[in-house]
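The values are calculated or read from the model by the stated rules, or taken from the named source; none is laboratory data. All values reported here derive from a predicted model rather than from experimental measurement. FYI the Cβ positions are ideal-geometry reconstructions off the backbone, even for glycines, and counts take in every protein chain you see. All accessible areas refer to the heavy atoms of the entire protein, side chains included, with ligands and DNA or RNA removed. Shrake-Rupley method; radii C 1.70, N 1.55, O 1.52, S 1.80 Å.
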Amino acid sequence: MIDQSVVAPPDSAARLPVRPSAGRFLILAVVFVCAACGLVYELELVALASYLIGDSVTQASVVLSLMVFAMGLGSLLAKRLRCRAAVGFGLVEAALALLGGLSALVLYATFAWMGESRYALIGFSLSIGVLIGAEIPLLMTLIQRVSRQDAGGNVADLFAADYVGALVGGLAFPFLLLPWFGQLTGALLTGAVNVVAGGALVLWVFGRDLTGRERGLLLLVNVLVLAVLGTAAVLVDDFERAARRAVYGDGVRVAVQTEVQEIVLTGGREGPLDLYLDGRLRVSERDEHRYHEALVHPAMRGPHARVLILGGGDGLAAREVLRYRDVRSVTVVELDRGVARLARTDPALAALNEGVYDDPRFRVEYADAFAWLRGRAAAGSGAYDVVVSDLPNPGITPSTKLYSEEFYGLASRVLAEGGRLAVHAGPPGVRPRTYWTVDATLRAAGFGTSPYTATGRAAAFGAGPDRSHDGKNSGGGEGGAGERADWGFVLAAVGRPPAVGLAPDAPRLRSLAPPVLEAGVLRAERTRLPDLPPSTLVHPRYAG
């Protein structure tokens, strides 16, 4: 989509193979197509940046601001091409189709093999923006050569087609390209449509005004771009498998793109099982018991007949809850049906969660946790003795609403009297401000809080800001090699802070004992940051 134009004086009339009205319509149709393709490129960069780098708000701001700046620059640079507007537009579209079509492949490749895609992201944002910005000035020159309408009318028509095309491209990206073709093939297909539309307009409608050398050059360039995009499309599956091996290692067993996220399972047959969601390691069989025991068992000290788990579709938190014989029901609220499907059917993951999906006390609700809590709180039904918040870190932008004062206010309304809320709050040693903001937010919602930590295995951290860590992925970690992974938790109850300890009927645990919990409380206190403001829906305070 372009937001700048340079109005050129009408050039000499073009020698068209069609009537002027038809030529004008064809130009507006190409404006529509190019605008749709341009917005797809923008959204593709934003989506990949959020997936590969993290913090969707920051990445979207960087990509869009760079592109808008570059579009203005491209609009100015296009002045030099107006004397050869037809051939200039053809070459611009070929370059845009090549860069936009290959952008997803190159970004994913730099992430997989170099571990860093920020510089490639900046380069593509600027270069694609310059090319998009050059489109309207050249198209304005071309339409004035075929239309007798005044310049103001032509500008209005061009921008109308541009904005409508942007609408179509913006809707096609999430509802057509991503679910049907995926990010890589979707970008390549968009590039092919882009180069065909631009090349056809110039070679057919304005072909009589080109020299033989210009026609040959444009034809050769367009054929080469289509050949490159087509070859990449044929090889995209092999590329994706190789890139996954580079990111996750050689043990990739399952790779599924759901409507919510990409799910990857490695190991399980030979070696420990690892579960990745959107490139972040969420479960590692090596030490997941340390995380889930620390999350669940302190909250089970007290009545625990009815338990609600927010997130946790992998079934591992529910496994720990169901070890208590007097638990009557466990409800899991999971957004992604794909996670639950794998937790039920994948042999390795089902063995790890001990088949909780077959337990008659277990049931799963597929919903957004915030919306589900809001509906349950409004209905005034279902008081739970324990609520376990097993959600991604608040440093991941889509999760911030699940760590807001409003969210915890809803959670308090579904708790029974004397009930406890356990929250996974991120690593206090690495992100103390985020961790203690969770604590401040809970207190602002009326909870008394008891912070504590649990220690995982030594690791070279990677895989982004999440609850498990592994050195295989270099996508922005939480520490350095040889450090020990600290998971931060907050145990909360309405009113007075609950004691951090284990229930008298607690089962035998692999990693948790009263002295371990006492040490975890002391470790958390050593990182305390006082007087932090709470996070709300309208003022999220978690850093990415």
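Which one is nearest to the chain's Cα centre (by Cα) among residues in the stretch 147-185 that are open to solvent by less than 10 Å² (accessible area, probe 1.4 Å) and closer than 20 Å to residue 78 by Cβ?
Initial filter on the stretch 147-185 (open to solvent by less than 10 Å² (accessible area, probe 1.4 Å)): 154, 158, 162, 165-166, 169.
Restricting the remaining residues to those that are closer than 20 Å to residue 78 by Cβ gives 154, 158, 162, 165-166.
Values: 154: 39, 158: 33, 162: 27, 165: 24, 166: 21 Å.
So, considering only residues that are open to solvent by less than 10 Å² (accessible area, probe 1.4 Å) and closer than 20 Å to residue 78 by Cβ, the one nearest to the chain's Cα centre (by Cα) is 166.
Name the residue that is most open to solvent (accessible area, probe 1.4 Å), counting only residues in the stretch 115-146 that are assigned to a helix (DSSP H, G or I) and among the hydroxyl-bearing types (Ser, Thr, Tyr).
Start the filter on the stretch 115-146 by keeping residues that are assigned to a helix (DSSP H, G or I), which leaves 118-133, 135-146.
Add one more test, that the residue is among the hydroxyl-bearing types (Ser, Thr, Tyr), and what stays is 119, 125, 127, 141.
Details: 119: 181, 125: 1, 127: 38, 141: 5 Å².
The extreme case among them is 119.
With 252, 223, 234, 256 as the choices, which residue is under 30 Å from residue 335 (Cα atoms), open to solvent by 30 Å² or more (accessible area, probe 1.4 Å) and free of Cβ contacts under 8 Å to residues at least 60 places away in the same chain?
252
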Margin query: When the residues of the stretch 485-544 are narrowed to those that are outside any helix (DSSP H, G or I) and β-branched (Val, Ile, Thr), which ends up most open to solvent (accessible area, probe 1.4 Å)?
Written below: 538
Check: Taking residue 436 and the conditions (1) in a helix (DSSP H, G or I); (2) open to solvent by 30 Å² or more (accessible area, probe 1.4 Å), which numbered condition does it fall short on, given that it satisfies the others?
Finding: (2)
Check: Can we say residue 283 is within 27 Å of residue 363 (Cβ to Cβ), open to solvent by less than 10 Å² (accessible area, probe 1.4 Å) and in a loop (DSSP other than H, G, I, E, B)?
Finding: no
Next item on the list: Report, ordered by the first and then the second residue, all pairs with beta carbons closer than 9 Å, sequence separation of six or more or different chains, a first member in the stretch 116-144 that is at pLDDT below 95, and a second member that is outside any helix (DSSP H, G or I) and of a type in the set (Ser, Thr, Tyr).
Entry: 116/474; 136/5; 137/5; 139/5; 140/5
Next item on the list: Could you tell me whether residue 303 is in a helix (DSSP H, G or I) and in contact (Cβ under 8 Å) with a residue 12 or more places away in the chain?
Entry: no
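Would you be able to tell me the number of residues in the stretch 239-265 that are of a type in the set (Asp, Glu) and under 17 Å from the mean Cα position of the chain (by Cα)? Before you say what the answer is, go through the steps one by one.
As a first pass, look at the stretch 239-265 and keep what is of a type in the set (Asp, Glu): 240, 250, 259, 262.
In the following step, the residues that additionally are under 17 Å from the mean Cα position of the chain (by Cα) were identified as 259, 262.
Final tally of qualifying residues: 2.
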Checklist line | Given (1) within 26 Å of residue 51 (Cβ to Cβ); (2) open to solvent by 10 Å² or more (accessible area, probe 1.4 Å); (3) at pLDDT 80 or above; (4) of a type in the set (D, E, K, R), number of the condition residue 413 does not satisfy | finding: (1)
